[in-house]
Amino acid sequence: MSAVPYRVENGVAVLTIDNPPVNAASRAVRVGIVDGIKQAGADASVKAIVLIGGGRTFIAGADIREFGQQLQPPHFPDVIDALEASTKPVVAALHGTALGGGFEFALSCHYRVAIASAKVGLPEVNLGLLPGAGGTQRLPRIVGAAKALDMILGGKPIGADEALKLGLIEQIVAGKTQPELEAGAIAFARERAAVAGPHPRARDRVDKIQGTDPALFDEVRAKNAKKWAGRLAEFKIVECVQAAVEKKTFDEGSAVERDNFVILRASAQSKALRYAFFAEREAAKIPGLPDDVKPREIKSAAVIGAGTMGGGIAMCFANAGVAVQMLDASQAAIDAGIARVRGNYATSVARGSTPQDRADKALGLISTTTRYEDIAQADIVVEAVFEDMKVKHDVFGALDRVMKPGAILATNTSTLDIDGIASSTKRPEDVIGTHFFSPANVMKLQENVRGAKSSAQTIASVMALAKTLGKVPVLAGNCHGFIGNRILYVYGRECDFMLEEGATPWQVDRALQAFGFPMGVYLMRDLAGLDVGWSVRKGREATRDKSLRYSPVADRICEMGRFGQKTGAGYYKYEGRNATPDPEIEKLIESVSVELGVPRRAVTDEQIVTRVLSAMANEGAKILAEGIAIRASDIDVTYLYGYGFPRHQGGPMFWAEEQGLAKVLETVQRYHAEQGVLWTPAPLLVERAAAGKGWTG
Ligand code: 3H9
């Protein structure tokens, strides 16, 4: 059975791609298209050809899983040649998403039609690739170089309306369904067949690239230099579009594209980004949940606590069209909270990231109250109050009294025991952690934390909720800090020790930023404010294990009244948001080294990165063995979406696997010998390294 069944209707050959779920252009699809075009060419009764996706979408691109293997013919250029060389007009009929190689197939057809809900785009950059099937050459020929750069570098699909305006499609077909699209495309194809050929080919056009400002490409490179530091694909994309404009022929430009695509496909960055793509999708799958479990419907929500976090979470619901009530103890807290939310919307409207009408609509979905009785009918309530078990008990006790049966009682705690919180209710099966990341309306991660008694339906509901909110969910088990903050603690701890051993905050930050973190750990702490962590540490001081190494540097900085950016000084000195290294802090750190008897030595940037990542992977291995994370890749997803881990590095567990677990273990053992118990190698790391395996192999 062909992956592209062929049939003729009314003198039009219809090639229907049948490769669920997204009709990826795997080998069978490529074979099917080439064969279908050949068959249509040879059939005298056929006057035109329609290429259409079966099911819910056109082709969503190359089959990403094939990139790790030797690619089998026919290759993408073979398919494109077949489409383009057809003397009978070929019409691509688009619905769902026509992406990457799929859209490139469409661009090499003579005509394109779509239904109004279709989306088209070239998202390869998100996988560390470039459009390698002529997209960097054909797109500029249709929309001009500047717009093509915009679309390819942005990697975001556009709607059919915009595609029509840009000349990327010829017609929007009436109707909403695939059969309606097919009928419209056949009618369109018959019209075109009645017109004498040759039919238009994007490769022959020069009108949109002639007269391109030669400075455009350097300008784009310069404008993005900081954002793209260390990344490959973006620069290669600019080079290819430049070749489309500057090379004498289409084929010369295509050769530049092909060479660069081959480089990117083999690159470590693309491997990491492709891994991240699948890791994100895996994380949504929860083994052990009964197949028939149905998430509860969430049509209304309530958030307890109108602080920064509570307001951000309320915005998430409102942005997703879910009515949400914000509850706080006093009207003053409510007023301050709603003012902050309004301010956030005003800022994003001013920046152009949210249209005014969308902001107004979202704001209209947020209401406030100070009375628990008012939220009783909400389908879910998310608690975002102060991180104190006593306060959480009070809140959950109140929720237990008022909330309707079947409401989900979620907590945004970032560290506390979910079972402890659930114990203040008589319905622990409805209690679960939904840990959002600050700013909650921006950060993509939703770390869901299952308690011992959270029901399968409660788990399924918050996993589904994440999708509704446009978040990426990971399911964690219950331990102090769960996946994310437990590893973050180790990360920060090792950075602090390196300060005492000879590094400076700015060196640590520089090394982490060179690795790809958008912000180093100390700049991040200064931004978040140092006082919160200080008060947590003071609270725990009595119970801290004094036999373990502890760095007092952060406490000393707070004792100086330096709480970070908001006080104009923290690890750095600030003028507004501009941070500068502060010799006073260097002196303070040196004096701590002397006081603790830690000899100072040169620490290299490479040592900083290796030490931090090895410690993270070692802790990750413990988390994995304890079942706190379901998969190593879930730890990576947590870091990619919640902690700004550079996506093109894949995540700490991916990093470790790429290094080789034996090599990482060697580093861990070396620090264990030097630093002691905090570096005890994770048994799982030892086991996997000895077996010569990765985390899952
Ligand atoms: C390319 O085209 C290169 C060319 O320029 C050059 C070639 C020479 N391949 O996301 P979902 C799977 S690069 C293989 O949950 P949604 C996905 O893993 C490619 N598998 O659904 C999942 O599997 P599972 C450029 C793929 O409705 C299932 O399909 N294209 C691919 O939320 C459902 O996916 C892209 O980058 C694929 N290409 O979103 C598009 N795509 O069920 C990548 C999906 O086992 N894809 N799968 O977990 C997407 O952006 C979204 O999947 C899409 C659907 C918007 C299509």
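The values are calculated or read from the model by the stated rules, or taken from the named source; none is laboratory data. This one's a predicted model, so the numbers in the text were calculated from it and none came from an experiment. All Cβ positions, even for glycine, are placed from backbone atoms using ideal geometry, and neighbour counts span all protein chains on display.
Consider region 630-672. How many of its residues are among the charged types (D, E, K, R) and assigned to a loop (DSSP other than H, G, I, E, B)?
First, pick out the residues of region 630-672 that are among the charged types (D, E, K, R): 631, 634, 636, 647, 657-658, 663, 666, 670.
Subset that is assigned to a loop (DSSP other than H, G, I, E, B): 631.
Here the count works out to 1.
Among the residues of region 321-338, those identified as surrounded by fewer than 20 Cβ atoms within 10 Å (Cβ to Cβ) and farther than 16 Å from Pro439 by Cα are Gly321, Ala323, Ala329, Ser330, Gln331, Ala332, Ala333, Ile334, Asp335, Ala336.
For first residues located in region 84-113 and closer than 17 Å to Val34 by Cβ, partners that are of a type in the set (Ser, Thr, Tyr) and within 16 Å of the ligand (Cβ to nearest atom) and lie 6+ apart or on another chain with Cβ distances below 7 Å form the pairs Glu84/Ser108. Taking the conditions exactly as written (assigned by TED's automatic domain parsing to the domain that holds Thr136, under 30 Å from Lys236 (Cα atoms) and part of a loop (DSSP other than H, G, I, E, B)), does Pro198 satisfy them or not? Here the answer is no, as Pro198 does not meet what is asked.
Only one of Thr212, Thr177 is in the same structural domain as Gly11 (by TED's automatic domain parsing) and surrounded by fewer than 18 Cβ atoms within 10 Å (Cβ to Cβ). Can you tell me which? Don't jump to the end; show me each part of the working.
On the way: Thr212 fails: surrounded by fewer than 18 Cβ atoms within 10 Å (Cβ to Cβ).
The match here is Thr177.
Does region 7-24 contain at least one residue that is more than 9 Å from the ligand (Cβ to nearest atom), touching a residue at least 40 places away in the same chain (Cβ under 8 Å), of a type in the set (D, E, K, R) and out of contact with any Pro (no Cβ under 8 Å at 6 or more places or on another chain)? Taking every residue of region 7-24 in turn, at least one turns out to be more than 9 Å from the ligand (Cβ to nearest atom), touching a residue at least 40 places away in the same chain (Cβ under 8 Å), of a type in the set (D, E, K, R) and out of contact with any Pro (no Cβ under 8 Å at 6 or more places or on another chain).
Of all residues in region 135-150, those being within 12 Å of the ligand (Cβ to nearest atom) and under 25 Å from Phe188 (Cα atoms) number 3.
Could you list all residues from region 635-666 that are among the aliphatic types (A, V, I, L, M) and touching a residue at least 60 places away in the same chain (Cβ under 8 Å)?
Passing the criteria: Ile635, Val637, Leu640.
Has region 534-546 got at least one residue that is surrounded by 16 or more Cβ atoms within 10 Å (Cβ to Cβ) and either in a loop (DSSP other than H, G, I, E, B) or in the same structural domain as Gly642 (by TED's automatic domain parsing) (or both)? Quick ask: steps written out before the conclusion?
Here is the first cut: in region 534-546, the residues surrounded by 16 or more Cβ atoms within 10 Å (Cβ to Cβ) are 534.
Okay, now just the ones that are also either in a loop (DSSP other than H, G, I, E, B) or in the same structural domain as Gly642 (by TED's automatic domain parsing) (or both), so 534.
Yes, region 534-546 contains at least one residue that is surrounded by 16 or more Cβ atoms within 10 Å (Cβ to Cβ) and either in a loop (DSSP other than H, G, I, E, B) or in the same structural domain as Gly642 (by TED's automatic domain parsing) (or both).
For every residue, the table says whether it meets (1) in contact with a Cys (Cβ under 7 Å, 6 or more places away or on another chain); (2) β-branched (Val, Ile, Thr); (3) in contact (Cβ under 8 Å) with a residue 12 or more places away in the chain.
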| position | (1), (2), (3) |
| --- | --- |
| Glu541 | no, no, no |
| Asp545 | no, no, no |
| Leu548 | no, no, yes |
| Gly561 | no, no, no |
| Gly564 | no, no, yes |
| Thr567 | no, yes, no |
| Lys573 | no, no, no |
| Arg577 | no, no, yes |
| Asp582 | no, no, yes |
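So, Tyr522, is that one assigned to a helix (DSSP H, G or I) and either surrounded by 22 or more Cβ atoms within 10 Å (Cβ to Cβ) or in the same structural domain as Pro439 (by TED's automatic domain parsing) (or both) or not? In short, yes. Within region 68-94, the set of residues being part of a loop (DSSP other than H, G, I, E, B), surrounded by 14 or more Cβ atoms within 10 Å (Cβ to Cβ) and more than 12 Å from the ligand (Cβ to nearest atom) comprises Ser86, Lys88, Pro89.
Does Tyr571 fit the bill of being of a type outside the set (Lys, Arg), assigned by TED's automatic domain parsing to the domain that holds Cys495 and touching a helix residue (DSSP H, G or I) at 6+ places or on another chain (Cβ under 7 Å)? Against the criterion (of a type outside the set (Lys, Arg), assigned by TED's automatic domain parsing to the domain that holds Cys495 and touching a helix residue (DSSP H, G or I) at 6+ places or on another chain (Cβ under 7 Å)), Tyr571 qualifies.
Taken as a whole, region 468-480 holds no residue that is assigned to a loop (DSSP other than H, G, I, E, B), over 23 Å from the mean Cα position of the chain (by Cα), surrounded by fewer than 19 Cβ atoms within 10 Å (Cβ to Cβ) and free of Cβ contacts under 8 Å to residues at least 40 places away in the same chain.
Is it true that some residue in region 395-409 is under 27 Å from Ser633 (Cα atoms), crowded, with 20+ Cβ neighbours inside 10 Å and among the small types (Gly, Ala, Ser)? Show your work before the answer.
Of the residues in region 395-409, the ones under 27 Å from Ser633 (Cα atoms) are none.
Within region 395-409, not a single residue is under 27 Å from Ser633 (Cα atoms), crowded, with 20+ Cβ neighbours inside 10 Å and among the small types (Gly, Ala, Ser).
Just the residues that are among the aromatic types (Phe, Trp, Tyr) and either within 12 Å of the ligand (Cβ to nearest atom) or farther than 25 Å from Glu257 by Cα (or both), please, taken from region 95-131. Walk me through how you get there before you give the answer.
Going residue by residue through region 95-131, those that are among the aromatic types (Phe, Trp, Tyr) are 103, 105, 111.
Residues satisfying the conditions are Phe103, Phe105.
Among the residues making up region 417-440, a single one is over 19 Å from Ala460 (Cβ atoms), in contact with a strand residue (DSSP E or B) (Cβ under 8 Å, 6 or more places away or on another chain) and part of a helix (DSSP H, G or I): Ile421.
Output the residue which, of all residues in region 264-289 that are among the aliphatic types (A, V, I, L, M) and surrounded by fewer than 14 Cβ atoms within 10 Å (Cβ to Cβ), is farthest from the ligand (Cβ to nearest atom).
For region 264-289, the residue satisfying everything is Ala268.
The set of residues in region 369-420 that are within 17 Å of Ser330 (Cβ to Cβ) and touching an Asp or Glu at 6+ places or on another chain (Cβ under 8 Å) comprises Thr370, Val395. Taken over region 632-672, the criterion of being more than 22 Å from Leu232 (Cα to Cα), surrounded by 24 or more Cβ atoms within 10 Å (Cβ to Cβ) and of a type in the set (D, E, K, R) is satisfied by Asp634 alone. A single member of Ala28, Ala44, Ala60 is closer than 23 Å to Tyr111 by Cβ and either within 13 Å of the ligand (Cβ to nearest atom) or outside any loop (DSSP other than H, G, I, E, B) (or both), and it is Ala60. Thr638 falls short on exactly one of the conditions (1) modelled with pLDDT under 95; (2) closer than 30 Å to Lys271 by Cβ; (3) among the polar types (S, T, N, Q), and that condition is (1).
If you check Ala332 against the conditions, is it within 16 Å of the ligand (Cβ to nearest atom), modelled with pLDDT of 95 or more and assigned by TED's automatic domain parsing to the domain that holds Thr411? So Ala332 fails the test.
Selection of region 111-149 for residues being over 29 Å from His648 (Cβ atoms) and crowded, with 24+ Cβ neighbours inside 10 Å yields Arg112, Val113, Ala114, Ala118, Arg141.
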